[in-house]
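Below is one structure; the comments refer to it alone.
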Amino acid sequence: MDFMVLHTNQHQDPLMRDDIFSKMGYEPDFIYPGNYSMGAAIDWVCKLIRQHHIDLVLVNGDTAASLIGAIAAIYSDVELGHIEAGLRSFDEQMYEERNRVMVDSAAHYLFAYTRHHADYLSKINDLRGKIFNVGNTTIDLIEDFSPELSRMDSGRYAYITLHRKEFTDSRDRMVKVFAALNTLAQEFDAMIFPMHPRTRTAIAQHRLGQELLSRVRVIDPVDPFTSLSYEKYADLIITDSGCIQEEAYIFGVPCVTVRENTERPETIAAGANILTGFTIEKILHLSRSQRVNRQRRFPPVYGTWGAGRRIVRILQEIAMKRSRLTQSGSMSSQYSADFQVID
């Protein structure tokens, strides 16, 4: 299938753009050339859809870029596919949750990572798209690039990522969580914390002292492959990231999620992940109890390698079926072909 990659340029830092594409072995065909804003990026994608006669926009996840692509597809009257469809935290305050709901509602093809996500989508009465349980594309990434994932640190260490708005916007929460991490650091050879720019900015704005993390090894942000390497060999992962909950599960590393909800309930059900909220006592107690799961094997809820190929095959089959229907004159509208939930 002919395709092109459009980059909205929301993240202009080379670490979050150029370095990633370089390691993945490809690059964007087009990068938004101006100062980033959602409205301008939507107009830019619409223009490229017209210029290059794009038939379908494929977006991933719950990011601003996924919503930009979805809106551009709607107003360009082309099809929309959503990878990672069906995730829900049921937290209306999360921007990501709003993005998920809107993109799922607009999509013609919804590619779910798990049976749980597909079942949830199938219960939405007014959903217009067709649902496909294809598995998690992260498994493809981890297996394809496994030689890149080498041990970054010796000894028994915890790997930490904390950056979400509901955490950084609250001085009280940051103080409590950092105090818990500093206490836990005595029980590991190292606590490795690549600090997100938002978290670093919040520390300065809230005027938090360095002593709160005196036992924690705070480092600069790392690229995704370095992060995956740290995750793979960690004794414990402490995070508020959604994707890292999945990655920890795939690696078989116990995860502690410093949030009050998660859109990855499968990880909780399997015992691979646990929610702590923001109290010192719960973070300490649940982190200690979760460490015993380091050697456990978790059920393969995210499927097997090949999710990306399965998505491409489905899109090819849809295009072929539409072509046959168009040639026979039996297709009454652009989206009349019927496709059921498949595994």
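We did not get these values from a lab; they are worked out from the coordinates using the rules stated. Predicted, not measured: the structure shown is a model, and the values here were computed from it. Counting neighbours? That spans all protein chains shown, and the Cβs are built from the backbone with ideal geometry, glycine included.
Restricting attention to the stretch 60-123, which chymotrypsin sites (Phe, Trp or Tyr not before Pro) occupy a DSSP loop and are surrounded by at most 12 other Cβ atoms within 10 Å?
PHE90
Go through 268-277, 316-325, 157-166 and give me the packing order, highest mean Cβ count within 10 Å leading.
Sorting 268-277, 316-325, 157-166 by mean packing, highest first, produces 157-166, 268-277, 316-325.
Full-extension gain between ARG309 and ASP55, please, as 0.36 nm times their residue separation minus the C-alpha to C-alpha distance.
Here the segment from ARG309 to ASP55 would lengthen by 89.5 nm.
Among residues other than ILE54 whose Cβ falls under 13 Å from its Cβ, what is the net charge (Lys/Arg +1, Asp/Glu -1)?
Neighbourhood net charge equals -3.
Which whole-Hz couplings ³J(HN,Hα) result when phi for each residue of the stretch 55-63 is put into the Karplus expression 6.51 cos²θ - 1.76 cosθ + 1.60, θ = phi - 60°, listed in order with x for Gly and Pro?
Once rounded to whole Hz, the list reads 8, 8, 9, 10, 10, 10, x, 10, 7.
Compute the angle between helix 242-251 and the longest alpha-carbon principal axis of the chain, please, reported from 0 to 90 degrees and rounded to the nearest 10.
Helix 242-251 and the main axis of the chain meet at about 80 degrees.
Would you mind counting up the charge near MET94? Only other residues with Cβ under 13 Å from its Cβ, with Lys and Arg at +1 and Asp and Glu at -1.
-4
Through the Karplus equation 6.51 cos²θ - 1.76 cosθ + 1.60, θ set to phi - 60°, convert the phi angles of the stretch 93-99 into ³J(HN,Hα) values in whole Hz; use x for Gly and Pro.
7, 7, 4, 4, 5, 5, 4
Tell me the angle of helix 171-184 to the major Cα principal axis of the chain, expressed in degrees between 0 and 90 and rounded to the nearest ten.
60 degrees
Can you give me the long-range amide H partners of ALA112? Hydrogens built in the peptide plane at 1.01 Å from N, cutoff under 5 Å, separation of 5 or more residues or another chain.
ALA85, PHE132, ASN133, VAL134
Label ARG128 and ALA319 with points 7 Å out from Cα along Cα→Cβ: what is the distance between them in nm?
2.2 nm
Let me know the charge dipole size of the chain about its Cα centre in debye, to the nearest 20, where only the beta-carbon of Lys, Arg (+1) and Asp, Glu (-1) is charged.
Magnitude of the dipole: close to 580 debye.
Considering only C-alpha atoms, what is the centroid distance from the stretch 215-275 to the stretch 291-314, in Å?
15 Å
Under 23 Å between alpha carbons: how many lysine pairs meet that in the chain, if sequence neighbours fewer than 8 apart on the same chain are excluded?
For the chain, qualifying lysine pairs total 5.
Figure the gain on full extension for SER214 and ILE20 (residue separation times 0.36 nm, minus the Cα-Cα span) and round it to one decimal in nm.
Difference between extended and current length: 66.7 nm.
Kindly write out, for the stretch 141-149 in residue order, the coupling ³J(HN,Hα) from the Karplus curve 6.51 cos²θ - 1.76 cosθ + 1.60 (θ = phi - 60°), rounded to whole Hz, with x marking Gly and Pro.
Ordered by residue, 3J(HN,Hα) equals 4, 5, 6, 5, 10, 4, x, 7, 9 Hz.
Tell me, in nm to one decimal, what length is gained between THR183 and SER154 on full extension, where the rule is 0.36 nm per residue of separation less the Cα-Cα distance?
Residue separation times 0.36 nm, minus the Cα-Cα distance, leaves 8.4 nm.
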